[in-house]
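Report on one structure; see the data block that follows.
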Amino acid sequence: MKVLMINGSPDGKGCIHTALTLAAEVLNKEGIETEEIHVGNKDIRGCIACRRCHEIGKCVFNDLVNETAPKLAEANGIIIGSPVYYSMPNGTVLSFMQRLFFSCGCDLHMKVGASVVSCRRGGNSATFEIMNQFFGINGMPTVPSTYWNDVHGYKGEDVLEDLEGCETIRNMAANMAFLIKSIRAGKEQFGKPDVKHTQFFNFIR
Ligand SMILES: Cc1cc2nc3c(=O)[nH]c(=O)nc-3n(C[C@H](O)[C@H](O)[C@H](O)COP(=O)(O)O)c2cc1C
């Protein structure tokens, strides 16, 4: 069992890294492997909608997105972490996630997803909502917690003073471990739900 953790912050040791580390500690104790992928300091361009990925099975821009896609195919879950920039996710993490999910071609159904956001002061809920949009459209249960998954800080170590934020992240990770194990057991007992994706209606006629 494995969870990929996307660190969208430019600072590899910043607030998002602290929050992801708290989640990793809980997941590892539950026997779930974690890998943090540092995205926020990379030169990741946005999707150009060429749709070549649907023919060649990977993105035409051969960068960290294509390195991550096989790891996502193997993983049971993903945590997307982003600092709040102007009340939204930062540009790099959005470019990365949009290209990764559009091009990966893997079956995301019943992998679990969670978002983690960090802000100094405000804009966390709007950021959280945007990042969670990746999950519903892909049949991925979104992991709940005891609050929305946000921590507060300016530097990485500040997060540890946000006791409720830390508890929220740890609770999310505990729920994520439970869901991953439950889904694995459920697949064995009941099989995966039979969902169809045959319709494509674009309102232009
Ligand atoms: C370009 C930019 C925009 C930011 N916008 C916000 C904001 O809208 N609200 C906020 O509370 N903090 C804002 N911040 C601060 C960061 O969100 C905050 O310090 C965050 O915890 C940093 O996480 P990190 O250490 O993982 O990068 C902004 C920082 C930058 C560099």
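Could you count how many residues in the stretch 150-175 are of a type in the set (Ser, Thr, Tyr) and either modelled with pLDDT under 95 or out of contact with any strand residue (DSSP E or B) (no Cβ under 9 Å at 6 or more places or on another chain) (or both)?
In the first step, residues of the stretch 150-175 are kept if they are of a type in the set (Ser, Thr, Tyr); the result is 154, 168.
Subsequent filtering for residues that are either modelled with pLDDT under 95 or out of contact with any strand residue (DSSP E or B) (no Cβ under 9 Å at 6 or more places or on another chain) (or both) retains 154.
The qualifying residues number 1.
From the list Thr92, Thr68, Thr21, Thr34, which residue is β-branched (Val, Ile, Thr), more than 16 Å from the ligand (Cβ to nearest atom) and in a helix (DSSP H, G or I)?
Values: Thr92 fails: more than 16 Å from the ligand (Cβ to nearest atom); Thr21 fails: more than 16 Å from the ligand (Cβ to nearest atom); Thr34 fails: in a helix (DSSP H, G or I).
Thr68 is the lone residue from the list that is β-branched (Val, Ile, Thr), more than 16 Å from the ligand (Cβ to nearest atom) and in a helix (DSSP H, G or I).
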Practice task
Within the stretch 159-169, count every residue that is of a type in the set (D, E, K, R) and surrounded by 18 or more Cβ atoms within 10 Å (Cβ to Cβ).
Solution key: 1
Practice task
Scan the stretch 32-58 for residues that are exposed (fewer than 13 other Cβ atoms within 10 Å of the Cβ) and in contact (Cβ under 8 Å) with a residue 24 or more places away in the chain and jot them down.
Solution key: His54
Handout entry: Ile79 vs. criteria more than 11 Å from the ligand (Cβ to nearest atom) and within 14 Å of Gly8 (Cβ to Cβ)
Key = yes
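If you check Thr142, Thr198, which single one turns out to be under 21 Å from Val3 (Cβ atoms) and more than 16 Å from the ligand (Cβ to nearest atom)?
Numbers: Thr198 fails: under 21 Å from Val3 (Cβ atoms).
One residue alone meets the criteria, Thr142.
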Completion exercise
Within the stretch 95-126, residues surrounded by 19 or more Cβ atoms within 10 Å (Cβ to Cβ), more than 16 Å from the ligand (Cβ to nearest atom) and of a type in the set (S, T, N, Q) come out as Ser103
Exercise for the section: Find all pairs meeting these conditions: Cβ atoms under 7 angstrom apart; at least six residues apart or on different chains; first residue within the stretch 63-86 and more than 26 Å from Asp150 (Cα to Cα); second residue assigned to a strand (DSSP E or B) and not hydrophobic (A, V, I, L, M, F, W, C). Expected result: Glu74/Lys2
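The values are calculated or read from the model by the stated rules, or taken from the named source; none is laboratory data. None of the values given here were measured: they were computed from a predicted structure. We place every Cβ from the backbone using ideal geometry, glycine too, and count neighbours over all the protein chains shown.
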